[in-house]
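The values are calculated or read from the model by the stated rules, or taken from the named source; none is laboratory data. Everything quoted here is computed from the prediction, not taken from an experiment. Ideal geometry is used to build each Cβ from the backbone, glycine not excepted, and the neighbour counts take in all protein chains shown.
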Amino acid sequence: MSSKNAPIPHAATGGLSRGLMLLLASTGFCAGGVMHVHSPVLGAMAQEFGVGPSVIGWVATLTYAGYFTGLIFIVPIGDRVDKRRLMLAQLGMLIVANVVLATASSLGVMMAGSFVLGACVCLTQNLVPIAVGASHPDERGKVVGTVLMAMFLGFLFNRLASGLIGAYFGWRWSFVFGVLMLTPLALALLLRLPSVAPTTRIGYGSLLRSVWTLYRANRGLRLTSATQFFLAIGYGGFWATLAPMLLLLHGMGPAEAGMMAIPGAAGVFISRPAGRWMDRSGALPVVVTSIFVFIASLAILGFSAWWIGAVIVGAAVMDCGLRGAIVANQTLVAGVDAGARNRSNTIFGAHNWGGNTTGAFLASMALAYSGWTAVCVIFFGGALLALALQWRLASTTGARR
């Protein structure tokens, strides 16, 4: 191997410090949560722009598509450059995107801004590689669970705040709130986030090609990522259609849709326990149990068209199932290759958010043309495929992985 292609080793570390852990968690909370600001106010947007559920669903779909694009073309750069510089650049663009969305004068501008916002929010995909690289191997599940717990809390806070702000001040102010939250974060990262040495010097084209090489070389990485893809279809589809469904079937507006973030963040309470269980027993029992919990949530959500309580309970159970799976799977993926953590995260994240994008599109179309029952059938099919992949993986790699 030439010196140009040789990995640049990380400095030795005594473990993840509390200060860095707090900074990474705060970044996940603030930046990750912005991804879901639009969810509670989609119905209000549809009314202002005079469009139906199938059209306004493109706002959510393009946000997820932007995130997916960022995962493929931006996140791998974190293995080649200082992650600090990359995150600060994306955060600056994220603030600009929120300003554009707050002042959008047409649905076209709204869709374009949503795509850029999604592409910039993928800065959070640097958090797990940084945390895992600075932590001891026997505590990685707990560390990943902590980072993801903060991000999930950000989802809850932003959905709740966006719904309430949208109801009382208008949906545009939800994005203004995002700007006010992200600006202090940018200053904190500028002052406190340490530099992270790159692990390779290969060119950008070679870097992107190496993602495919890594994908082909690791069967466990492929199946783990595919499992998360099929679960994400249900999750992305649920949140993309929640506000239009509540407005269409129950006459509820942004405030009520935003309040659904409270039960919909129940997974916060199982993230760290799932990480500790992963450290003790491996990923497989955590993931399989989580999928069964996820399937149970779909049975509950099937009654949402007739009973609002089913939405509340189903959202809570769904989030617990999804969070348990993602903590275990992402911890597993982060350990595949120490020199390619961003690229491994690209593969996993692309599957996860590709599933969100697919779910948002399929569920929006199903709700518009076939109703809520069809939406739930799509979710259920994805969960069954995820379970089948785990059984296949268990049969070839053993119970502990």
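Numbers below:
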{"read-out": "Residue in the stretch 184-206 that is over 17 Å from the mean Cα position of the chain (by Cα), farther than 26 Å from VAL96 by Cα and part of a helix (DSSP H, G or I) present", "value": "yes"}
{"read-out": "ALA328 being small (Gly, Ala, Ser), closer than 23 Å to LEU62 by Cα and under 23 Å from the mean Cα position of the chain (by Cα)", "value": "no"}
{"read-out": "Residue check for ARG272: within 24 Å of LEU393 (Cβ to Cβ) and either in contact with a strand residue (DSSP E or B) (Cβ under 6 Å, 6 or more places away or on another chain) or of a type in the set (Lys, Arg) (or both)", "value": "no"}
{"read-out": "One residue from ALA104, ALA89 being at pLDDT 90 or above, assigned to a loop (DSSP other than H, G, I, E, B) and small (Gly, Ala, Ser)", "value": "ALA104"}
{"read-out": "Residue that is farthest from GLY321 (Cα to Cα), among those in the stretch 244-264 that are surrounded by 23 or more Cβ atoms within 10 Å (Cβ to Cβ) and either within 18 Å of the chain's Cα centre (by Cα) or modelled with pLDDT under 80 (or both)", "value": "PRO254"}
{"read-out": "Residues (closer than 29 Å to GLY258 by Cα and either modelled with pLDDT of 85 or more or not in a helix (DSSP H, G or I) (or both)) located in the stretch 68-86", "value": "THR69, GLY70, LEU71"}
{"read-out": "Members of the stretch 94-109 found to be out of contact with any Leu (no Cβ under 7 Å at 6 or more places or on another chain), surrounded by 13 or more Cβ atoms within 10 Å (Cβ to Cβ) and closer than 15 Å to ALA44 by Cα, listed by number", "value": "ALA102, ALA104, LEU107"}
{"read-out": "Candidates ILE295, ILE233 - the one that is among the hydrophobic types (A, V, I, L, M, F, W, C), in contact with a helix residue (DSSP H, G or I) (Cβ under 7 Å, 6 or more places away or on another chain) and surrounded by fewer than 21 Cβ atoms within 10 Å (Cβ to Cβ)", "value": "ILE295"}
{"read-out": "Pair list, Cβ under 8 Å, 6 or more apart: the stretch 244-262 residue under 16 Å from LEU367 (Cα atoms), other residue among the hydroxyl-bearing types (Ser, Thr, Tyr)", "value": "PRO244/SER364; MET245/SER304; LEU249/SER304"}
{"read-out": "Scope the stretch 227-274; condition farther than 25 Å from GLY141 by Cβ, hydrophobic (A, V, I, L, M, F, W, C) and assigned to a loop (DSSP other than H, G, I, E, B); matching residues", "value": "MET252, MET260, ALA261, ILE262"}
{"read-out": "Filter result (of a type in the set (Ser, Thr, Tyr) and under 20 Å from ARG341 (Cβ atoms)) within the stretch 70-107", "value": "none"}
{"read-out": "Residue in the stretch 46-57 that is assigned to a helix (DSSP H, G or I), within 20 Å of the chain's Cα centre (by Cα), under 20 Å from ASN158 (Cβ atoms) and at pLDDT below 90 present", "value": "yes"}
{"read-out": "Filtered residue count, the stretch 120-173, keeping only those that are within 17 Å of MET278 (Cα to Cα), hydroxyl-bearing (Ser, Thr, Tyr) and under 17 Å from the mean Cα position of the chain (by Cα)", "value": "1"}
{"read-out": "Odd one out for VAL327 among (1) touching a residue at least 24 places away in the same chain (Cβ under 8 Å); (2) surrounded by fewer than 24 Cβ atoms within 10 Å (Cβ to Cβ); (3) in contact with a Gly (Cβ under 6 Å, 6 or more places away or on another chain); (4) of a type outside the set (Phe, Trp, Tyr)", "value": "(2)"}
{"read-out": "Near pairs, Cβ below 6 angstrom, 6+ apart or cross-chain, from the stretch 342-363 (touching a residue at least 24 places away in the same chain (Cβ under 8 Å) and over 12 Å from THR61 (Cβ atoms)) to any residue that is assigned to a helix (DSSP H, G or I) and acidic (Asp, Glu)", "value": "ASN342/ASP79; ARG343/ASP79"}
{"read-out": "In the stretch 134-145, the residues that are surrounded by fewer than 23 Cβ atoms within 10 Å (Cβ to Cβ), touching a Leu at 6+ places or on another chain (Cβ under 9 Å) and either free of Cβ contacts under 8 Å to residues at least 12 places away in the same chain or part of a helix (DSSP H, G or I) (or both)", "value": "ALA134, GLU139"}
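Residue-wise test of (1) closer than 21 Å to LEU101 by Cβ; (2) buried (at least 21 other Cβ atoms within 10 Å of the Cβ); (3) hydrophobic (A, V, I, L, M, F, W, C).
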residue: THR27; (1), (2), (3): yes, yes, no
residue: ALA31; (1), (2), (3): yes, yes, yes
residue: VAL37; (1), (2), (3): yes, yes, yes
residue: GLY50; (1), (2), (3): yes, no, no
residue: TYR64; (1), (2), (3): yes, yes, no
residue: LEU71; (1), (2), (3): yes, yes, yes
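Conditions (1) touching a residue at least 24 places away in the same chain (Cβ under 8 Å); (2) more than 28 Å from ALA328 (Cβ to Cβ), marked per residue:
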{"position": "GLY78", "(1), (2)": "yes, no"}
{"position": "LEU88", "(1), (2)": "yes, yes"}
{"position": "VAL96", "(1), (2)": "no, yes"}
{"position": "MET111", "(1), (2)": "yes, yes"}
{"position": "VAL116", "(1), (2)": "yes, yes"}
{"position": "LEU123", "(1), (2)": "yes, no"}
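Listed here are the residues, each with its yes/no results for (1) touching a Pro at 6+ places or on another chain (Cβ under 6 Å); (2) buried (at least 19 other Cβ atoms within 10 Å of the Cβ); (3) within 27 Å of SER135 (Cα to Cα).
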{"position": "VAL176", "(1), (2), (3)": "no, no, no"}
{"position": "MET181", "(1), (2), (3)": "no, yes, no"}
{"position": "ALA186", "(1), (2), (3)": "no, no, yes"}
{"position": "LEU190", "(1), (2), (3)": "no, no, yes"}
{"position": "SER195", "(1), (2), (3)": "no, no, yes"}
{"position": "SER206", "(1), (2), (3)": "no, no, no"}
